[in-house]
Every structure is written in C-alpha cells, then in structure tokens.
1. For the stretch 66-91: of the residues being out of contact with any strand residue (DSSP E or B) (no Cβ under 6 Å at 6 or more places or on another chain) and closer than 22 Å to residue 140 by Cβ, which is surrounded by the fewest Cβ atoms within 10 Å (Cβ to Cβ)?
2. Quick one: in the stretch 102-139, which of the residues that are in contact with a strand residue (DSSP E or B) (Cβ under 7 Å, 6 or more places away or on another chain) and part of a helix (DSSP H, G or I) is nearest to residue 44 (Cα to Cα)?
3. Within the stretch 60-71, identify whether any single residue is in the same structural domain as residue 332 (by TED's automatic domain parsing), in contact with a helix residue (DSSP H, G or I) (Cβ under 7 Å, 6 or more places away or on another chain) and at positive phi, and answer yes or no.
4. Name the single residue, out of those in the stretch 336-360 being surrounded by fewer than 19 Cβ atoms within 10 Å (Cβ to Cβ) and touching a strand residue (DSSP E or B) at 6+ places or on another chain (Cβ under 6 Å), that is farthest from residue 300 (Cα to Cα).
5. Out of 149, 63, which single residue is surrounded by 15 or more Cβ atoms within 10 Å (Cβ to Cβ) and part of a helix (DSSP H, G or I)?
6. Tell me the residue from 260, 303 that is in contact with a strand residue (DSSP E or B) (Cβ under 6 Å, 6 or more places away or on another chain), crowded, with 21+ Cβ neighbours inside 10 Å and in a loop (DSSP other than H, G, I, E, B), please.
7. What are the pairs with Cβ atoms under 9 angstrom where one residue, in the stretch 207-230, is more than 21 Å from residue 93 (Cα to Cα) and the other, located anywhere, is surrounded by 15 or more Cβ atoms within 10 Å (Cβ to Cβ) and modelled with pLDDT under 95? Sequence gap at least six, or different chains.
C-alpha cells in the first residue's frame, strides 16, 4: 500500500510539474478559438496549424465549431466569457452586417478581453471601436484580381482550344460561395473584370456568362457553405442544357473556392470531361485556397489553377498576436513581414497564384 501511495504522489508531482511548465510558457491564460465551421477545408488547415502552434507554445486553448450558425457561435462566446476566458479568437459566421461582431465586442469589452478576428473579415468600424481588437486575414480584392489575371493569361495562351463551339467567345459559369461575404463578392467581381482586362489587352473578346437569362452572372450557394455539393448540383443541372451535344457547352468554370471547384469537376467528369485521360476534353476550372485536393487535381490535369491562401502563415501570425495579448503587449507587436493597414488594425496575409507549372 505504501509503495502505491508513493507512486501516486510521484505521479501528482510530475503532473504538477508539467502544468507548471505550461503555465510558465503560456501563463494562466485561457484562449478560446471559435471557428465558423470545422467542415471548411481551408479553415481546417488553419485550425490544425494553430492548434499545433498554441500547443508548442504551452498555451492552453479550447476550439469551438459553430457549424455555420451565428446564434451557436454567439452562445459559445457568451459561455466562454462567463467562464473567465482571457482571449477570444473569432472566425465569425456572419459577415454581411456588423451586428454579430459588434455584439461580440460588447461582451469582450465589458470583461476586458482582447479579441482577434480572423479570415472572415469584419468592418473597419468594428475593429476601430475597441482598442483591444485586431483582424488577421487577406486583402479581399486580391484573390479575385489574381484569379482574374491567371484566367486571362490562360485564355490568351489557350483561347482556340477553350472555345469549343468556335463562336469566338468563351462561355463561363461562376460559383459564388456566400451572399454578403466580402471575399465572395470581390472574388466574383474581380476574377471576371481582370480576366476581361487581360483578354482586351490581347485583342480577345470578353467572357460571356453561359446563361443569358441570369442577370446576376453567378450561381450562389444559398446555404453560404462554399460547398462542393452546391457547385456539383448546379453544374449537373446546367450540363443538361448547356453541353457539347447542343453545341453550347460551358467552356470555363470559375469558383470562389477549391471546394466548389471540386464539386464542379465531379459533375464534369460525370459528363465525360476532365478525366485526365489522354486526348480527353478538359474544361478549365479555377478555384481559390490551394488546398491539397486542388493541387492534386491540377497535377493530374483535371483543374487549371487556384490561388494560394496560406493557412500555416495565418496561424503563425495569429499565434504571435495571442502571445502579445497574453503578455499585455500591443497586439500588432513584432508580427514579422506581415503588413498592417494604415488606418485600422488589420493584418494582411498575401495570396499567390498556383498552376502547378512553377509552384511548389
């Protein structure tokens, strides 16, 4: 019995030592990280990288999945604040208005808790309304602009091959991820505008939306999930009317993210396109995020290109700000090469082009 008691006491001492070591590195801070949904493939890369960095830094944390529900996320944040959270890291669900973000800041301000918003952008007014608030994300217009440049360059090199019905124009479909989301809005707008600019500079006609009755010139994921399922269903339906047999085949697919690109490609493969087989017809499909599945599709010749959004770099930047917040330092202290907007505490992670030709 005495031997067992000694072992038990030694075990408690060891556990106490491990906890103390964690406290010395991360303090007694309780960091709560709120994700809009775990099911988003890009967000899962951020979560994995951030979990690893927080763990390596000895910082205690808890993750939450809102499952695309702002009500759920707000309730999660209320509970975390009540339980004594020291820091809120928020990938907000609702971006179409300031109401949700303002409510979160009200909770945080009353408890004296810093807030880091990330990935899904909140307005400048929201960030500027609280001195202990910062946003980490990308420049919303940049992904659309780079995607448009990439598409334009591709079409200049491959116009005749892409113009399947030989009418001198390229017919495209656009899959939009979410209504009211700035990333979705700007990707939808600038991908086409910049592609048309490149085409015009090279004496080519502008892109033409495949369905003349659609004044929006996009197909929206009505659930706001940026999902492969939504794109697959839309693409499958479109191909029943716009196809090779009718000589009006959709000749270009533009997607707000890689999940939607995957769904569109699955539908195209069901119709015999984008199989990767030699001499098979491939409809150029473009996405955003450069997730591993998209890179694989590009390597296999089933997808044309994507825009890199580095989840690892975003996690790295967030973790530095977390340490600043826990130490009581300015949130944007020593954040490395990342740029901060001049008039608001917003840190920008750069995008890049990925086509598989000269990328990693």
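The values are calculated or read from the model by the stated rules, or taken from the named source; none is laboratory data. Keep in mind that this is a model prediction, so the values were computed, not measured. Cβ placement follows ideal geometry from the backbone for every residue including glycine, while neighbour counts extend to all protein chains displayed.
1. 70
2. Here the answer is 104.
3. Taking every residue of the stretch 60-71 in turn, none turns out to be in the same structural domain as residue 332 (by TED's automatic domain parsing), in contact with a helix residue (DSSP H, G or I) (Cβ under 7 Å, 6 or more places away or on another chain) and at positive phi.
4. Filtering the stretch 336-360 for residues that are surrounded by fewer than 19 Cβ atoms within 10 Å (Cβ to Cβ) and touching a strand residue (DSSP E or B) at 6+ places or on another chain (Cβ under 6 Å), the one farthest from residue 300 (Cα to Cα) comes out as 340.
5. After ruling out the rest, the residue left standing is 149.
6. Exactly one of 260, 303 is in contact with a strand residue (DSSP E or B) (Cβ under 6 Å, 6 or more places away or on another chain), crowded, with 21+ Cβ neighbours inside 10 Å and in a loop (DSSP other than H, G, I, E, B), namely 303.
7. No pair meets every condition.
Conditions tested, residue by residue: (1) within 25 Å of the chain's Cα centre (by Cα); (2) under 16 Å from residue 163 (Cα atoms); (3) at pLDDT below 95.
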| position | (1), (2), (3) |
| --- | --- |
| 234 | yes, no, no |
| 251 | no, yes, no |
| 255 | yes, no, no |
| 270 | no, no, no |
| 276 | no, no, yes |
